[in-house]
1. Using only the Cα atoms, work out Rg/Rh for chain B, with Rh taken as the Kirkwood radius, to two decimals.
2. Which distances in nm, rounded to one decimal and ordered from shortest, link the label point of A:Glu224 to the equivalent label points in the other identical copies, with labels set 7 Å from Cα toward Cβ?
3. Under a GNM of chain A (C-alpha, springs under 10 Å), which listed residue has the highest mean-square fluctuation: A:Gly272, A:Gly26, A:Gly238?
4. Grab the DSSP H runs of chain B that are 4 residues or longer, score each as -39,500 (n - 2.57), total them, divide by all residues and round the 222 nm result to the nearest 500 deg cm²/dmol.
5. Using a Förster radius of 41 Å, what is the FRET efficiency between A:Arg283 and B:Lys192 based on their Cβ-Cβ separation? Nearest 0.05, please.
6. Loop only by DSSP, 12 or fewer other Cβ within 10 Å of the Cβ. Give me the trypsin sites (Lys or Arg not before Pro) in region A:156-239 that pass, ordered by residue number.
7. For chain A, modelled as a Gaussian network with Cα springs under 10 Å, which listed residue fluctuates most, A:Gln55, A:Gln128, A:Gln71?
8. Would you mind telling me the antiparallel percentage of the DSSP bridges in region B:1-85, rounded to 5?
Number of protein chains: 2
Amino acid sequence: MSVLVVGSTALDSIKTPHAENPRLLGGSASHSAVAASFFAPVKLVGVVGDDFPKQYIRLYKRHKIDLQGLQILPGKTFHWSGEYEVNMDNRRTLLTELGVFETFTPTLPKEHQNTEYVLLANIAPSLQSHVLDQMRRPKFITADTMDLWLNIALKDLLALLKRVDCFVLNESEAHQLTECTNMLKAARAIHKLGPKYVIIKKGHNGAFLSGPNGLFVTPAYPLESVVDPTGAGDSFVGGMVGYLANKPGPIERNLRRGMVYGSVIASYCCEGFGLSRTTKLTRAQIEKRVKELRQVTKF
Amino acid sequence: MSVLVVGSTALDSIKTPHAENPRLLGGSASHSAVAASFFAPVKLVGVVGDDFPKQYIRLYKRHKIDLQGLQILPGKTFHWSGEYEVNMDNRRTLLTELGVFETFTPTLPKEHQNTEYVLLANIAPSLQSHVLDQMRRPKFITADTMDLWLNIALKDLLALLKRVDCFVLNESEAHQLTECTNMLKAARAIHKLGPKYVIIKKGHNGAFLSGPNGLFVTPAYPLESVVDPTGAGDSFVGGMVGYLANKPGPIERNLRRGMVYGSVIASYCCEGFGLSRTTKLTRAQIEKRVKELRQVTKF
């Protein structure tokens, strides 16, 4: 079955202590869609300006991503620029130019409205809800978010949470949303806001799932060096939902495995700037690290 | 087979945001020895003053801990006092009274010199080495440490590392010792200092093992609330070595399982002040959480 991915499609200028790369393909929808494409057909919903490099359109197409829902509007593509500190854990935003993203309204082509799996990648929660308004009975809805929306659009986010099956956020966002420092308590509080499944991302410490059948913890794939962590969280959730869409069987078992596949794609994402490593991935390379993670957690 | 545990035997006065408990039984050797006692016979080597409460001697004895190596000297028992912040992750030392610990030299009774498994719990590395000097060909030597020894006794610690099979430390100590922020690189650097097995503790994010057959990652047992984390790391390593001593078979497989058992004892340790919860544990309660951890990591 296929996956509809909505989110940001952007140009990222990224600076790390070791290198600087301007105007790479980025955005939550780009990372999530490419990650999901290794497992299932993907339909992308987003917006870019008329400055959007053709090579990035070709990149999407190489991953067989359906671009009917990608609006190309007169104006500039959303541009984000950020810088990482030495330990790669902390980053600061240097610049945000919204461009055509400022007035973006995601409109689904008719063919997209029946998609079974929906990934609402990080974007304003009102737009995430607007996508759901246009859909007919999707099988499984996953939403990601970021701290910005907790700060400026909490009401919209709370309205969205009532409508999603699975909500993904990181530790500090979970803390901010629930005021709980303990992540089990935070997950329980988030369940009360709507989602049956809550996934809390912990960066290089992995991620955990809270669902009706209890908890699941996956480590991150252990990496010796990180080139650029931008998009790792988006790759994680994209890989996970892509895996889900491709697997029949109980959703919770598949979610666990999907999280492991997502962690693996995220690990590869960190090994190159932007999407440069992810886009060269093979299914065999993915399976290799999944097998290694199985070995790493076996006792 | 049995375990020799050397380390500190102390009275801990512990303050948390919710309660305050003076002069509890504490110290690295106390926590490690009680944790190990659930799996194997334990011989304790340490020192206390003549003020040491009889009830704590009885507590050791209830755990069938051999006290031939526990010196009782005229003077005061080592007393540590500390306070935890709200999130229980950070603590500060309020007071340290060394008492009889100041001039402690661990001397092994003859019967102890053939013990197969040695746990050098946190204590000055020169004393850890002094214990090894008195032993005949132990089967497996594990050493724990703390940041203090990295600061004031690095040379002694480096000398010790050449003699141990397994070295256990936490993330910040690994960073301090190796100057690597990446924990895989840190583990590799520590292998070069001697130990075949390196275990890096990450608190509520679990622990990982680096050894000849690769990596192993165990999550911490997920807890909703922590009453007092004092001694959790000592309980982890004590439970692990106790499990090892009780299991025939390949050391690395047993180390993995031992780490899981250690995590479980550490989780119980956090649920009461000092040793109050640990000392009431049953084997069935331990096995229950091990089973849950198996479920939590299964995919």
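1. Value, to two decimals: 0.93.
2. 4.3
3. Largest GNM mean-square fluctuation: A:Gly272.
4. Values: 10 runs with 107 residues, N = 299.
Using -39500 (n - 2.57) per qualifying helix, the result is -10500 deg cm²/dmol.
5. Values: r = 36 Å, r/R0 = 0.88.
My answer for the efficiency is 0.70.
6. Working: sites: A:Lys162, A:Arg163, A:Lys185, A:Arg188, A:Lys192, A:Lys196, A:Lys201, A:Lys202; in loops: A:Lys162, A:Arg163, A:Lys196, A:Lys202.
In loop regions of region A:156-239 (DSSP not H, G, I, E or B), the sparsely surrounded trypsin sites (Lys or Arg not before Pro) are A:Lys162.
7. Evaluated over chain A, the most mobile residue of the options is A:Gln55.
8. Values: 5 of 20 bridges.
For region B:1-85, the DSSP antiparallel bridge percentage is about 25.
The values are calculated or read from the model by the stated rules, or taken from the named source; none is laboratory data. In this text, all values refer to a predicted model and were calculated from it rather than measured experimentally. In this analysis, Cβ positions are derived from the backbone assuming ideal geometry, glycine residues included, and neighbour counts consider all displayed protein chains. All accessible areas refer to the heavy atoms of the entire protein, side chains included, with ligands and DNA or RNA removed. Shrake-Rupley method; radii C 1.70, N 1.55, O 1.52, S 1.80 Å.
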